[in-house]
Structures are given as structure tokens and as C-alpha cells.
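These notes concern the structure reproduced below.
Nothing in this text is a laboratory measurement; each read-out follows from the coordinates by a stated rule. What you see is a predicted model, and the numbers here were worked out from it, not measured in a lab.
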Amino acid sequence: MLAKTLPQTAEVSNWSTAWVGLDAVLAVGLSGTGLLLGRHDPRAAPLAAATAALLLMDAWFDVITAAPGSARAAALALALCAELPLAAACAAVAARPAGPPTAR
């Protein structure tokens, strides 16, 4: 239903703000996951799961919204070489068994 009813194109306000905001959230998620992993903190798993989901979404929208040609090729290369491998790494962190919390 959506595929038939949504417009093929749309003009969007604050497009760059939306993408910069998503990239900032990804940076926080990746940094936070790394920090929590370094501390052996079990909260790394849910943060890694959320970050993996956002990375998949980012890769999808980057590729789908890129203009045909070199822009789409660059988006696809970034997805295959950076976003998808990072998502897989985050998913692996999220899926591993949680150890006992460390004393602080």
C-alpha cells in the first residue's frame, strides 16, 4: 500500500540536520559501546544492539537516497566497507553472553 501511495520524490526541510543528527547519534553509540566494552560493563550489549540497528538503517537510507552513478557507488562502498561491518561487530557484542558485572 505504501509503495503505491507514497510520492516518488519529496522536498525535505532540514535534510542536512537530520543526517548530521543521525551521524552524531551513531558516533555516540559507537563510542559508548567501546567505552562500556573497555570497562566490561554489561550495558554495552543493549547499546551495541541499538547502534547496530541504526547502522543498518543508515546504510539503507544512504544507498537508497543517493543519486544514481558515482554518488550511489560511494554510498554502496561505504555501506559495504564501514557501516555493515560495524553493524555486524555491534550485533556480535550484543549477542554475546553477559558476564558478571565488575566491581567499581
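At a glance:
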read-out	value
Potential extension, residue 13-residue 95 segment - 0.36 nm per residue separation minus Cα distance	25.8 nm
GNM top mover of 85, 42, 68 - the chain, alpha-carbon springs below 10 Å	68
Potential extension, residue 53-residue 80 segment - 0.36 nm per residue separation minus Cα distance	8.2 nm
Rule-of-thumb Rg ratio for segment 26-95 [Cα; 2.2 N^0.38 Å; N residues]	1.21
Computed over segment 16-57: relative contact order in percent, which uses C-alpha pairs under 8 Å that are six or more apart	38
Helix runs (DSSP H) in the chain reaching 20 Å along axis by Cα, Kyte-Doolittle at least -0.5	15-38, 44-65
Candidates 13, 31, 70: whichever shows maximal mean-square fluctuation once the chain is modelled as a Gaussian network with Cα springs under 10 Å	13
